[in-house]
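The values are calculated or read from the model by the stated rules, or taken from the named source; none is laboratory data. It should be emphasised that the depicted structure is a prediction, and the values quoted were computed from it without experimental measurement. Here the Cβ is made from the backbone with ideal geometry for all residues, glycine too, and neighbour counts use every protein chain on show. Just the protein is used for accessible areas: all its heavy atoms, side chains included, with ligands, DNA and RNA removed. Shrake-Rupley method; radii C 1.70, N 1.55, O 1.52, S 1.80 Å.
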Amino acid sequence: MFRSLRFRLPALFLTAIILAGLVSTAVAVSVSKRYAEHTLRNQALRELGREASGIDQIYTKRAGETPPNSRELERASGDQVFVAQRAKGVDVFPGPTPAYTLVSRRVLDFRRILAGQTVRFEFTPPGRNTRLLAVARPVKLGDQIFGAVILARPKTQLRQSWLPLTWRLLPAFFAGILVAGALGWYLSRRITTPVLALSDAADEVAAGRYGVAVPEVPGGGEISHLSERFREMASQLQEADALERNFLMTVSHELRTPLTAIRGHVAALLEGVVEDEEARSYSLEVISLEADRLERLVGDVLDLAKLDTHRFALRREEVDMERLIDRAYATFGDEARRRGIDYRRSVTAKPVLETDGDRVLQVISNLLSNAFRWTPDGGRVDLALTQVDGTIRVAVDDSGPGIPTEERERIFRPFWSSDGQGGTGLGLAIARELAAALGGKIELQTAPGHGSRFELVLPARGLD
């Protein structure tokens, strides 16, 4: 489970989101803390300033008399009250026991007090460890300043004021994590679902079941492209598998037919059933023809295997193309007469090439064999040799049914056969591979109902 993309991708999303949330929250808390401390400090100083102004007026009115009770003032304001005297021994509130807490004038800028200004500062009272935020106001007796009244509160109250803000951020953080996690889970499912479906389809294909349904992924992204290519691959594998099965059945049939004929005639000869010389000659001729047929079939399979593995050797020799055309034309003369086919030959050039004559003849023979196979009795087959723009062209035209658009590429694939009339489906595949090996190509022009034209195009310079 933990190795599955279904788990790891959402976990990765969620981990990234949590880390981003933690970093964002830490930054937000840090910024909020600084802002809150600054804001709360200013707010506290303003409050202390207002309270100090009021208490200063009370102390100023009571100067020279019984001082106000500082403990009661502290309870009323919620802050601490201190007094700093201008000089030692100068007590503006005479009495047996001071009703206030004295601090040294050194804890603040007393020159500003003497100038009649309000002073904001921080200090630590003697004998304490608490840092106080304070505001001092001058205390006057008439027009003379005798000291300062100080109103202070602990700085720890500021921290306690911004901590609720942090606690309010935590629910927002967890809510954001939940929303982001849900979004990450949804997005990861959008990614992993087609990928896992493709993985299941790959398992089916690996098991040899090429007809598996490959899911369609909308959006046009990389996964959609992968799905389309995988679907094409599975379709091609399915087609190749069907071709291979068809080939095995076809080859089995093609091998069995001549073998059956050979076996029958050999048995007849061995058992003495055939007694007269004419029948014996006929049986031997059938055996020879069927053996040639077997040899051609095995040769085609071997040639295709060699071409596929690029282990095909070509000879170099001077080839008279006109004589080669005559040989190819004569091979199918008897079949043309027997089937009443209008079989014509046309030569408008007499080139001599340095190439492999046997393989060129094999290509032309395969094209002619294909033409006679598809041409109906009484039809037409033309063989023409021309030289155009530095190329030698051998064209084979037939009056067959033509080739549909969707099959024009398939007919050159090995084992492809769609007429149900036998044949291994190797002729055109071998012809195209041989043409490429000879440095040329095969061009096709066809239209359904109007026959086909296969043209072997070779460079006039021959083999490189």
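If you go through the range 121-145 one residue at a time, how many are surrounded by fewer than 20 Cβ atoms within 10 Å (Cβ to Cβ), touching a residue at least 24 places away in the same chain (Cβ under 8 Å) and under 15 Å from residue 106 (Cα atoms)? Looking only at that region, the number is 3.
For (1) closer than 30 Å to residue 101 by Cα; (2) assigned to a strand (DSSP E or B); (3) open to solvent by 60 Å² or more (accessible area, probe 1.4 Å); (4) at pLDDT below 80, each residue gets a yes or a no:
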| site | (1), (2), (3), (4) |
| --- | --- |
| 147 | yes, yes, no, no |
| 159 | yes, no, yes, yes |
| 164 | no, no, no, yes |
| 174 | no, no, yes, yes |
| 179 | no, no, yes, yes |
| 190 | no, no, yes, yes |
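For residue 290, are the conditions met, namely being modelled with pLDDT of 85 or more and of a type outside the set (A, V, I, L, M)? For residue 290, the condition - modelled with pLDDT of 85 or more and of a type outside the set (A, V, I, L, M) - is not met. Restricting to the range 435-460, give me the number of residues that are more than 39 Å from the chain's Cα centre (by Cα) and in contact (Cβ under 8 Å) with a residue 24 or more places away in the chain. Residues meeting the conditions: 16.
Within the range 267-285, residues that are modelled with pLDDT of 80 or more have Cβ atoms under 7 Å from residues that are open to solvent by less than 100 Å² (accessible area, probe 1.4 Å) and not aliphatic (A, V, I, L, M) in these pairs: 268/283; 269/280; 269/283; 283/265, counting only partners at least 6 apart in sequence or on another chain. Taken over the range 338-361, the criterion of being within 25 Å of residue 436 (Cβ to Cβ) and of a type in the set (S, T, N, Q) is satisfied by 355 alone.
When residues in the range 314-345 are screened for being of a type outside the set (A, V, I, L, M), free of Cβ contacts under 8 Å to residues at least 12 places away in the same chain, open to solvent by 60 Å² or more (accessible area, probe 1.4 Å) and closer than 21 Å to residue 380 by Cβ, 3 of them pass. Are any residues in the range 267-290 in contact with a helix residue (DSSP H, G or I) (Cβ under 9 Å, 6 or more places away or on another chain) and loosely packed, with under 14 Cβ neighbours inside 10 Å, and if so, which ones? Passing the criteria: 273, 282, 289. Filtered by the rule that a residue be more than 24 Å from residue 156 (Cβ to Cβ) and among the small types (Gly, Ala, Ser), the range 99-128 gives 99, 115, 116. For residue 299, the criteria (1) in contact (Cβ under 8 Å) with a residue 24 or more places away in the chain; (2) under 30 Å from residue 270 (Cα atoms); (3) of a type in the set (Gly, Ala, Ser) hold in every case but one, which is (1).
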